[in-house]
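Asker: Here it is, the structure, as structure tokens.
Every number in this text was worked out from the coordinates using simple rules, so none of it is lab data. Computed from a predicted model, the values in this text were never measured in an experiment. Using ideal geometry, Cβ is built from the backbone for each residue, glycine included, and neighbour counts are taken over all protein chains shown.
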Ligand SMILES: *Cc1c(COP(=O)(O)O)cnc(C)c1O
């Protein structure tokens, strides 16, 4: 049976192969291990295999794991939908947030971030699939939101994130990821210092890396299939 460290190595190999196929240095792509629904023990196993970056979707579950594993000094990324009444624990437990989709959320995270902590790294989530997906800001609105987020003192805007609609159409996926890359390039052109494209999950690591992903968010391929019951509880 494959252990979590075995599966992590397999994911790293997929990332490296996808990067090399398009002439990218594999070291420019980081794997974020998405540990949602899995117990702290699974995170410990991954950490023992060398993994440092972990992603969580649900506020309470994520904060509990951050606290339970504090002595491991891991890097925690909040990647789930965020309601404005739940920003405070995220602002203080996590190092990154990938799912900023409106200014109000960003302003609250910035204001609530402990002044003793470095600014929280932030990505704006973009709805690259139009009507097929609900989360994220529309592509036409990214520039205005990015400029507003970039000046908040408690946040450090790092880039963009997307979750395309689920599909096996590789060409369609690549076009969604390409759109995120082009939007980011436009923001860099406009003067923002961005270095992060958070895109690609277990089933679409390869097209995301081909289009420039710098963080791939991988759950199932590292930890296994999540049980529907565990997900429904959150
Ligand atoms: C669950 C989740 C992932 C990981 O998905 P897998 O298909 O399990 O790799 C990545 N990003 C977000 C935002 C998620 O919610």
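Asker: Residues of the stretch 118-134 being closer than 13 Å to residue 97 by Cβ and assigned to a loop (DSSP other than H, G, I, E, B), which ones?
Answerer: 119
Asker: Can I ask one more? Taking the options 91, 171, name whichever one is closer than 21 Å to residue 200 by Cα, in a helix (DSSP H, G or I) and away from the ligand (no atom under 16 Å from the Cβ).
Answerer: From the options 91, 171, the qualifying one is 171.
Asker: May I pose another question? Looking only at the stretch 188-210, which residues are in contact with a strand residue (DSSP E or B) (Cβ under 8 Å, 6 or more places away or on another chain) and away from the ligand (no atom under 16 Å from the Cβ)?
Answerer: Within the stretch 188-210, 192, 194, 195 meet the criteria.
Asker: Looking at (1) closer than 18 Å to residue 66 by Cα; (2) under 17 Å from the mean Cα position of the chain (by Cα), which is the one condition that is false for residue 88?
Answerer: For residue 88, the failing item is (2).
Asker: A further question on this structure: Out of 174, 217, I need the residue that is surrounded by fewer than 18 Cβ atoms within 10 Å (Cβ to Cβ) and closer than 26 Å to residue 140 by Cα. Which one?
Answerer: Selected residue: 174, the only one of 174, 217 that is surrounded by fewer than 18 Cβ atoms within 10 Å (Cβ to Cβ) and closer than 26 Å to residue 140 by Cα.
Asker: For the stretch 37-53, does any single residue satisfy the condition of being crowded, with 22+ Cβ neighbours inside 10 Å and more than 16 Å from residue 220 (Cβ to Cβ)?
Answerer: Checking the stretch 37-53: not a single residue is crowded, with 22+ Cβ neighbours inside 10 Å and more than 16 Å from residue 220 (Cβ to Cβ).
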